[in-house]
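Working notes, structure below.
The values are calculated or read from the model by the stated rules, or taken from the named source; none is laboratory data. These numbers were taken from a predicted model, which means no experiment stands behind them. A quick note on method: Cβ atoms are made from the backbone with ideal geometry, for glycine too, and the neighbour counts reach across all protein chains shown. The protein model used for the area step is the full one, side chains on, heavy atoms only, and it has no ligands, DNA or RNA in it. Shrake-Rupley method; radii C 1.70, N 1.55, O 1.52, S 1.80 Å.
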Amino acid sequence: MIPIQSKLPQVGTTIFTTMSALAAEVGVINLSQGFPDYECSPVLIELINEAMKDGHNQYAPMPGVAALRQQVVNKVNKLHGSNYNADTEVTITAGGTQAVFTAISTVVNPGDEVIIFEPAFDCYAPAIKLMGGIVKSLELEPPNYRIPWDMVKKLINNRTKLIIINSPHNPTATILQEDDIEELTAIIRSQDIFILSDEVYEHLIYDGQIHHSMARYPELAERSFVIASFGKLFHATGWKVGYCLAPAYLMNEFRKIHQYLVFSVNSPMQYAMAKYLEDEHVYTDLPSFFQQKRDYFRAGLAQTQFELLPCYGSYFQSVKYQNLSNQNDVDFCLQLTKEAGIATIPTSVFYTRQTDHHILRLCFAKNQQTLDAAIERLMNFKPL
Ligand code: GLN
C-alpha cells in the first residue's frame, strides 16, 4: 500500500449513509435520512421520458438548460420580488451538496475563517477544511436554536470570509425571522463577508410564515450564494439536481469551478423540470402538503413519551427522549433502531464537539401508513 495523507482524517462515512444502510439491513422504518417514501409525480416522469425521446441526451449547456434557469428566475422573482438574470446569475447544479461545495471553493482561501452555526448540516465543515479554511462554529441552544448575533459580532475579524446560514434549518426545523435578517444585515454592512444561504427546504415552511430568502433582500443578495434543491421540490432526492443563485460577479467565479467539477448536469431532467415548473402550483402547494404531514406526525408523537421540539419548516421533527433513557443520543438511536425498528438521526453528529442534548431527528416526508406504523412503534417502545 502506498501511504496516503488523508485530506479529511477525522471524517468517516456520513451518518445518513450509515443509518439508511442499517435501516435496510434490519428491515426497520427509516425516518433517518431525509427523503420521501412515496413516488414523485407521474407527469414529471413522463416529461423526462419525452425529453429523452425528443433527443435531449447530450451535454446540457454548462450553466444549465436555459428554459430551466428562466423558470427558476420566474419562481424566485414571484416569491421574493428579486430580479436575477437567468443568463448570468443562475447555475443548475448536481444537487444542493455540489452547489455548497462549489460556492465554498469559490470564495474560501487558505487561512480564511468561515462562521457556521451548529447543529449544522454535515457537508459544510469538510468543504471549508479542504479549501484550507478555518471553521468557526457557534452552537445554538435548544429548543429555539436562535442565532446569538452578539456572539457572531465577536467572532468577526479581518479573516472572516463567509457566513453560512440555513433556513429552514436542518436538523432543527427552525427558520430565520425578520429580526435575524435585520441583525445579519447590520453585521455585514461594513464588512467584506460573503453569505452562503442553504435554502434547500425553502418551500417546506409552515403556519403561513414567510421564507426569508437572501434573494428577498438586495443588500444581502448582492453578497450571497443562494442554494436550492429540486429533489425536495419534486419529491425526488435521488435525481440530484439543484441550483445556485448569485450576483453575476460571484456566479462568474462559481462557474469557473463548476465547469471542472461536473461540467454540466443531467440534460433530459432539466428540460422536463423546466416544463413541469410552468405550473406554479408545483411549488405553491408544497407548504400545505407538508404541513399536513407535520401536523399528523406531531399529533401522533404527542401520544408517546417523546417530547416534541418546535417545527417551523423542513421535513424534520426533533424529539427529546429524556423520559425514556439517559443514554447518549448515538447509543439511544441504535437501541431504537434495533429494538423498536425505527431509524432516526442522533443530533450530536451535527456538532464539531458532538454536543449531546439527548435529541433525535425524525423525517416525516413519508406516506401515512409509514407514519402510522412509526407512531405505533414509538408509542409501544419501552427501553429495557
Ligand atoms: N439532506 C439529507 C438529510 O439531512 C441527507 C442528504 C445526504 O445524505 N447527503 O437527511
Low-density loop positions, chymotrypsin sites (Phe, Trp or Tyr not before Pro), segment 278-384 - DSSP coil, at most 16 other Cβ in 10 Å | 351
For segment 241-301, the spread of Cα positions along each principal axis, largest first, Å = 48, 26, 20
Kirkwood-based Rg over Rh for segment 78-155 (C-alpha set), two decimals?
-> 1.04
Can you give me the P(r) profile for segment 72-213? Cα pairs, bins 10 angstrom wide beginning at 0, each as a whole percent.
-> 11, 39, 39, 11, 0
What residue among 108, 11, 200 shows peak mean-square fluctuation when the chain is described by a Gaussian network model with Cα springs under 10 Å?
-> 11
Along principal axes, largest first, the alpha-carbon spread of the chain in whole Å comes out as 59, 56, 53
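Averaging sequence separations of C-alpha pairs under 8 Å and six or more residues apart, then dividing by the length of segment 292-353, give the relative contact order as a whole percent. Before the final figure, lay out the partial values.
Numbers: 45 pairs, mean separation 12.3, N = 62.
Relative contact order of segment 292-353: 20 percent.
With each run of n ≥ 4 DSSP H residues scored as -39500 (n - 2.57), what mean residue ellipticity at 222 nm is computed for the chain after dividing by its residue count and rounding to the nearest 500 deg cm²/dmol? Intermediate values should be presented prior to the final figure.
Details: 15 runs with 148 residues, N = 384.
Dividing the helical sum by the residues of the chain leaves -11500 deg cm²/dmol.
Please give the direction-averaged projected area of the C-alpha convex hull for segment 1-140, in square nanometres with one decimal.
On the way: hull surface 57.1 nm².
Average of the hull's projected areas for segment 1-140 equals 14.3 nm².
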Which log10 I(q)/I(0) values, to two decimals, does segment 197-274 give at q = 0.15, 0.17 Å⁻¹ under the Debye formula with one point per Cα?
-> -0.63, -0.80
State the extension gain, in nm to one decimal, for the chain segment bounded by residue 149 and residue 186, taking 0.36 nm per residue of separation less the distance between their alpha-carbons.
-> 12.3 nm
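Once neighbouring chains are kept in place and the probe is 1.4 Å, which whole percent of the accessible area of segment 104-220 is contributed by carbon and sulfur?
Ligands and nucleic acids excluded, carbon and sulfur give 49 percent.
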Of 7/320; 129/338; 232/275; 7/75; 153/240; 7/136, pairs whose Cα-Cα distance is over 28 Å | 7/320; 129/338; 7/75; 153/240
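Add +1 for every Lys or Arg and -1 for every Asp or Glu among the other residues with Cβ under 15 Å from the Cβ of residue 275, and state the total.
Values: positive: 53, 69, 75; negative: 46, 50, 54, 278, 279, 280.
Residues close to residue 275 contribute a combined charge of -3.
Would you mind giving the three semi-axes, in whole Å and largest first, of the ellipsoid equivalent to segment 35-90 according to its Cα gyration tensor?
Numbers: eigenvalues 119, 68, 18 Å².
In descending order, the three semi-axes are 24, 18, 9 Å.
Can you list the equivalent-ellipsoid semi-axes of segment 299-384, largest first and in whole Å, using the square root of 5 times each Cα gyration tensor eigenvalue?
19, 16, 12
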For segment 348-354, what does the Karplus curve 6.51 cos²θ - 1.76 cosθ + 1.60, with θ = phi - 60°, yield as ³J(HN,Hα) per residue in whole Hz, taken in order and with x for Gly and Pro?
-> 4, 5, 8, 10, 4, 8, 6
In the chain, what percentage of the DSSP-assigned beta bridges are antiparallel, given to the nearest 5?
-> 45 percent
Rg/Rh for segment 1-61: what does it come to with C-alpha atoms and Rh from Kirkwood?
-> 1.21
Only Lys, Arg, Asp and Glu count, each charged at its Cβ (+1, +1, -1, -1), so figure out the dipole size of the chain about its Cα centre, rounded to 20 debye.
-> 680 debye
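Just flag the GluC sites (Glu not before Pro) in segment 281-384 sitting in loop per DSSP whose Cβ has no more than 15 other Cβ atoms within 10 Å.
Values: sites: 307, 339, 376; in loops: none.
Counting only loop positions with at most 15 other Cβ atoms within 10 Å, none of the GluC sites (Glu not before Pro) in segment 281-384 qualifies.
Would you mind computing Rg(Cα) / (2.2 N^0.38 Å) for segment 232-367, counting N as its residues? Kindly include the intermediate steps, with their values, before the conclusion.
Details: Rg = 19.6 Å, N = 136, 2.2 N^0.38 = 14.2 Å.
Relative to the 2.2 N^0.38 Å estimate, segment 232-367 comes out at 1.38.
Over segment 277-323, what relative contact order in percent results from Cα pairs under 8 Å that are six or more residues apart?
27 percent
Evaluate the relative contact order of the chain (contact order divided by residue number), counting alpha-carbon pairs under 8 angstrom at least 6 apart; express in whole percent.
25 percent
List the GluC sites (Glu not before Pro) in segment 224-306 that DSSP assigns to loop (not H, G, I, E or B) and whose Cβ has at most 16 other Cβ atoms within 10 Å. Which are they? Don't skip to the answer; put the middle values down first.
Details: sites: 253, 278, 280; in loops: 278, 280.
Listed in order of number, the matching sites are 278, 280.
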What does the highest-first list of 144-150, 368-374 look like by mean Cβ count within 10 Å?
-> 368-374, 144-150
Most fluctuating residue given options 56, 281, 211, as computed from a GNM of the chain linking Cα atoms under 10 Å | 281
By how many nm would the segment from residue 354 to residue 16 grow when fully extended, if each residue of separation counts as 0.36 nm and the alpha-carbon distance is taken off?
-> 120.1 nm
Translational D in µm²/s for segment 137-282 (Stokes-Einstein at 37 °C, 0.692 mPa s, Kirkwood Rh from C-alpha pairs) = 194 µm²/s
Residue among 331, 179, 37 with the largest mean-square fluctuation in a Gaussian network model of the chain, springs linking Cα atoms under 10 Å = 179
Taking a probe of 1.4 Å and leaving out DNA, RNA and ligands, the chain shows per residue an accessible area in Å² of 44 Å²
How many angstrom separate the Cα center of segment 228-284 from the Cα center of segment 159-189?
-> 23 Å
